[in-house]
Each structure stands twice: as C-alpha cells, then as structure tokens.
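A single structure is presented below for examination.
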Amino acid sequence: MDVKHRALFAYGSLVSEDEVKRLVGGLRKSVTAKLRGFRRECCVKHIDPEFGFLGVIKDRNCFINGSVLFLNDSDILCLDKEEFLYHRENIDVSDIFFNTEKDEKTINVIKGLTVQIYVPDKNNIYENIELLPSYRKLVWNAFKKKSPEFYDDFIKTTKFREQEPQHPV
C-alpha cells in the first residue's frame, strides 16, 4: 500500500512532541512556523462546561504560531480519533511562514503535500471558557520548550478568558 504523506499545522497540544509521540506511536518531523488567516482562542468546550481547549477561527488579519508536522495517513487517522471535536481543513501553503532561512527550504517539501489544520466543529465553539488545567499545562510547556520568543508569541496571539494566561506549574 502506498503511504500518502501530509502536513498538519499544529497550534495547541500537537505542538508538544511528547503528545504527538503518545498519539501516533513515535516522533515526527516538525518545523516551527506562522500561519496567516486564523486567530487562536479558548473556544472548544470540554465535557465540563467551564473548561475547554484551544481552537482557531478564520480571520485574514491575524497570524498564529505553531508547528508544521509531517505525517502519514496512519498518523492522521490516530489524530482524528483524538481531535474528535474538530475537523480538518486544507490551508494554502502561501499562508505559512517559516522562522529561519533553513526552515524556508521546507516550503519546497510541503508544496507537494496537502497541508491541513484542525478547526473546531461549529457546534463545539463557545465563548468565555477557561482552558482545562491539564491541557493548559501541556500547551504552555510545549510552547516554552520551543523557545522563550515562541512562547511569548503564543501568548500575544491567543485570545484568553480574563484570568488567563497563567504560567505552567
């Protein structure tokens, strides 16, 4: 069977290499980048009505930072099971900007791939929710692990409920 390769723009928990490894059974190549055309918010409701997860809303005037993950079909199926409150949408490669000249070479690799992002299903979008504490810690640590600047950019480009952001414990 031919394995189809894809790219996924990760903007929350999937920025965590440990989380991706846990979900797909191994490490996958990733490159940090910025994506134009979306804003990141705490807007996807968890079972507990006061808590939730990050999601993205289309907004041509915004940028978010994250990671481009290189995956195969099997990886995508594993992630779809975990990301059941979301659906995948294709994104335009020209809206992805890499952080270094070395990473710019990656654009040649992704030109031939389908690049997608998980977008919350419309019936799962809510306002004024707080991030689930265990999820918040996972995401905060993933962004901090990349670099202090990457973390700061994450904080600046994410719409939080009033009491957030809280730094990881």
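The values are calculated or read from the model by the stated rules, or taken from the named source; none is laboratory data. Please read these numbers as outputs of a predicted model, since none were measured by experiment. In this analysis, Cβ positions are derived from the backbone assuming ideal geometry, glycine residues included, and neighbour counts consider all displayed protein chains.
This table checks each residue for (1) surrounded by 15 or more Cβ atoms within 10 Å (Cβ to Cβ); (2) farther than 24 Å from Pro133 by Cα.
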| residue | (1), (2) |
| --- | --- |
| Ser13 | yes, no |
| Gly25 | no, yes |
| Lys29 | no, yes |
| Ala33 | yes, yes |
| Gly37 | yes, yes |
| Lys45 | yes, no |
| Ser67 | yes, no |
| Asp95 | yes, yes |
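Another question about this same structure. I want to confirm something. Restricting to segment 5-60 and keeping residues that are of a type in the set (Asp, Glu) and not in a strand (DSSP E or B), which single residue is farthest from Asp153 (Cα to Cα)?
Going through the qualifying residues, I end up with Asp48.
How many residues are surrounded by fewer than 18 Cβ atoms within 10 Å (Cβ to Cβ) and closer than 14 Å to Cys42 by Cβ when one looks only at segment 139-156?
1
Conditions tested, residue by residue: (1) basic (Lys, Arg); (2) buried (at least 16 other Cβ atoms within 10 Å of the Cβ); (3) modelled with pLDDT of 95 or more.
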residue: Asn72; (1), (2), (3): no, no, no
residue: Asp80; (1), (2), (3): no, no, yes
residue: Arg88; (1), (2), (3): yes, yes, yes
residue: Val109; (1), (2), (3): no, no, no
residue: Val115; (1), (2), (3): no, yes, no
residue: Ile125; (1), (2), (3): no, yes, no
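Of everything in segment 50-62 that's more than 13 Å from Asp121 (Cα to Cα) and in contact (Cβ under 8 Å) with a residue 24 or more places away in the chain, which residue is surrounded by the most Cβ atoms within 10 Å (Cβ to Cβ)?
Gly52
Does at least one position in segment 1-8 carry a residue that is at pLDDT 95 or above and surrounded by 14 or more Cβ atoms within 10 Å (Cβ to Cβ)?
For segment 1-8, residues at pLDDT 95 or above and surrounded by 14 or more Cβ atoms within 10 Å (Cβ to Cβ): present.
Among the numbered criteria (1) without any contact (Cβ under 8 Å) to a residue 40 or more places away in the chain; (2) in contact with a helix residue (DSSP H, G or I) (Cβ under 6 Å, 6 or more places away or on another chain), which one does Asp121 miss?
(2)
Conditions first: (1) touching a Lys or Arg at 6+ places or on another chain (Cβ under 8 Å); (2) under 23 Å from Ala7 (Cβ atoms). Val139 passes all but one, so which condition is the exception?
Of the numbered conditions (1) touching a Lys or Arg at 6+ places or on another chain (Cβ under 8 Å); (2) under 23 Å from Ala7 (Cβ atoms), the odd one out for Val139 is (1).
Residues being touching a Phe, Trp or Tyr at 6+ places or on another chain (Cβ under 6 Å) and either in a strand (DSSP E or B) or of a type in the set (A, V, I, L, M, F, W, C) (or both): count how many of those fall in segment 69-87.
1
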